[in-house]
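The block underneath contains the structure these notes are about, expressed in structure tokens.
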Amino acid sequence: MRKLDTLGMALVAWGVSGAVIVACGDDTTLPADTTTTGMLTTGIAESSSDAVEDDSTGMVKLDSNNPNDTDDVLICVTDGTCDLIDLLFVIDNSGTMGEEQLNLARNFQELVDALQTLQDRNGVMVNPNVNIMVTTTDFGHPLCTAFQKADYIPRKGAPVYQGCNARINRFSGLDPDDPVIITEACTENCPADVAPGDHFINFHLNGSNVPNNDVGAALSCIGPQGIDGCGYEAPLETMLQAINEGACWNDPEQPYCDEQPEWADTERGFLRDDAILAVALITDEMDCSVAAPGGYSFFTDVNNPLYWNPNPEVVDEFGDPVPQATSAICFNAGVSCIDENNDGIYEDCASQDNDALHPVSRYIDYFEYLTEQRNKEVVMLGVLGVPEVVAHNPEPPFEPIAGGAVDLVHRTWIDFPYPAGDILPDEWEAGRRAENKIFEFGDIGPGCTGTDQVGDFTGQAVPPVRIREVCESLNYTDDKGVENVRCCIESICDEDFSAAIDCLTGIVSESLDVEG
């Protein structure tokens, strides 16, 4: 999180005009390929019916049932208790995420240790059978296509399973003149690649699919995703595609998967019927899950600048700022805030529905389908743009009780140097002001500002309005009046993610239903 930045900013900085942006329009069709096969193409399922193929795309619709019956339960041999856990990481791979990926990798061994020694709510050793899959927040975007490296293809929810040294080019940024290079986000915790034998990590009491059963090393190697992904992050949509029951990485037995080289030899899927699903989203940006293909027109069509903000540094012949497409569209289209007394502090911010972005109900409804119709436990960790947590529940699930999302204030940018304002000192000296930030990111100011161990700024992160709604929808009160925590939100500005790991394993532990 070296600075709050997006590819939308780069487009302006590099002089890309609206005419050039429109030329990217052909990329919005998102044809089926090895990364999009199985894409969810319809509304949320109302029944667990058989898979239905969409003849127009060759993709499997959302209302598909996963017929995949793996042998995982049969090999889950423990001391009397056994549970399946499917853990998905969706990690922001845009240009500001180097330090965050480094911090996360430093805690992956702790996560593996915690899962291997996991106890249920009654203190019974679980000895779980765990799948871990990693993907990025990049779903592809026409405003990013022109700047992608020649060897880069957005994963669009598909798993990333190579070690990061084999992908070391991913750790160099996209600025053509002075790219950020942070290879240590890979090499510090992965000096030599250790990778699973499948498209995801699997481990259980009797072994794993990782060389020498060094699961922590493997996760530290496949976890870091790099910093050359699209700055229009779509963590909710990539999450949804990653857990799409019709995707080849979840149900490889479907006939069309044999026609996809990447999945033709896949024998078992990531998502298992009887497993707890744990999702971890790590990003410093606003969710920008575009309702493709029509939603891209709100970004690319100069005749449709509904959500574009004026650029204070570019004026027309009358001296008026010219509207341009930036990441502010993600806020303007995705979030609605109320400031009744016009004091710059919003009394309320919530997601809004329109034709530009997918509504958050798309993701909430799918979680409800999994919990209510597939009888799955679903839990979620968000490492997001909220203030640092200052206190946690000392008992499982170790959720934040002070600071964090509880103390998040939604407000406009404060036009003054940090800490009295929101403009970092070097940016203020360079002449950047709140109007520049509003142009680039929208009216809502940063949820947190990060510093490293020596006090240097690592950047700022935007409040996660849309992701927070999806995450907190998982919390519920049972028929006994007991509140059940299934969502944990930690701060991405925290230089130590160990508390986030504790909370993730804590809510997993609390969701287990084991008879000891």
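The values are calculated or read from the model by the stated rules, or taken from the named source; none is laboratory data. Predicted model, so just to flag it, every value in this text is computed and none were measured. Here the Cβ positions follow ideal geometry from the backbone for every residue, glycine too, while neighbour counts run over all protein chains shown. Surface areas here come from the heavy atoms of the whole protein model, side chains and all, with no ligands, DNA or RNA. Shrake-Rupley method; radii C 1.70, N 1.55, O 1.52, S 1.80 Å.
Odds and ends about this structure:
- Residue match in segment 362-377 (condition: in a loop (DSSP other than H, G, I, E, B) and basic (Lys, Arg)): yes
- Residue within segment 390-403 that is surrounded by 19 or more Cβ atoms within 10 Å (Cβ to Cβ), in contact with a Gly (Cβ under 6 Å, 6 or more places away or on another chain) and farther than 24 Å from residue 295 by Cβ present: yes
- Residue that is at positive phi and over 21 Å from the mean Cα position of the chain (by Cα), where the choices are 375, 393, 354: 375
Condition check ((1) at pLDDT below 95; (2) open to solvent by less than 40 Å² (accessible area, probe 1.4 Å); (3) not polar (S, T, N, Q)) across all residues:
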site	(1), (2), (3)
55	yes, no, yes
72	yes, yes, yes
88	no, yes, yes
92	no, yes, yes
110	no, no, yes
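- Residue satisfying condition, being closer than 30 Å to residue 359 by Cβ and surrounded by 15 or more Cβ atoms within 10 Å (Cβ to Cβ), within set 424, 504, 512: 504
- Some residue of segment 473-488 being under 30 Å from residue 310 (Cβ atoms) and crowded, with 24+ Cβ neighbours inside 10 Å: no
- Scanning segment 133-152 for residues that are closer than 15 Å to residue 282 by Cα and out of contact with any Lys or Arg (no Cβ under 8 Å at 6 or more places or on another chain) returns 133, 134, 137.
- Scanning segment 175-194 for residues that are hydrophobic (A, V, I, L, M, F, W, C), modelled with pLDDT of 95 or more and either buried (at least 21 other Cβ atoms within 10 Å of the Cβ) or out of contact with any strand residue (DSSP E or B) (no Cβ under 6 Å at 6 or more places or on another chain) (or both) yields 182, 185, 186, 190, 192, 194.
- Hey, residue 330 modelled with pLDDT of 95 or more and not in a strand (DSSP E or B) or not: yes
- When residue 224 is tested against (1) out of contact with any Phe, Trp or Tyr (no Cβ under 7 Å at 6 or more places or on another chain); (2) over 15 Å from residue 136 (Cβ atoms), just one condition goes unmet, and that condition is (2).
- Test result for residue 366, out of contact with any Asp or Glu (no Cβ under 7 Å at 6 or more places or on another chain), open to solvent by less than 20 Å² (accessible area, probe 1.4 Å) and under 23 Å from residue 468 (Cα atoms): yes
- Reported count of residues in segment 490-501, each being among the hydrophobic types (A, V, I, L, M, F, W, C) and either open to solvent by 10 Å² or more (accessible area, probe 1.4 Å) or at positive phi (or both), is 1.
Each row is one residue, and each column tells you yes or no for (1) under 30 Å from residue 321 (Cβ atoms); (2) in a loop (DSSP other than H, G, I, E, B).
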site: 405; (1), (2): no, no
site: 414; (1), (2): yes, yes
site: 428; (1), (2): yes, no
site: 493; (1), (2): no, yes
site: 496; (1), (2): no, yes
site: 503; (1), (2): no, no
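- Residue in segment 282-294 that is surrounded by fewer than 18 Cβ atoms within 10 Å (Cβ to Cβ) and either outside any loop (DSSP other than H, G, I, E, B) or in contact with a Phe, Trp or Tyr (Cβ under 9 Å, 6 or more places away or on another chain) (or both) present: yes
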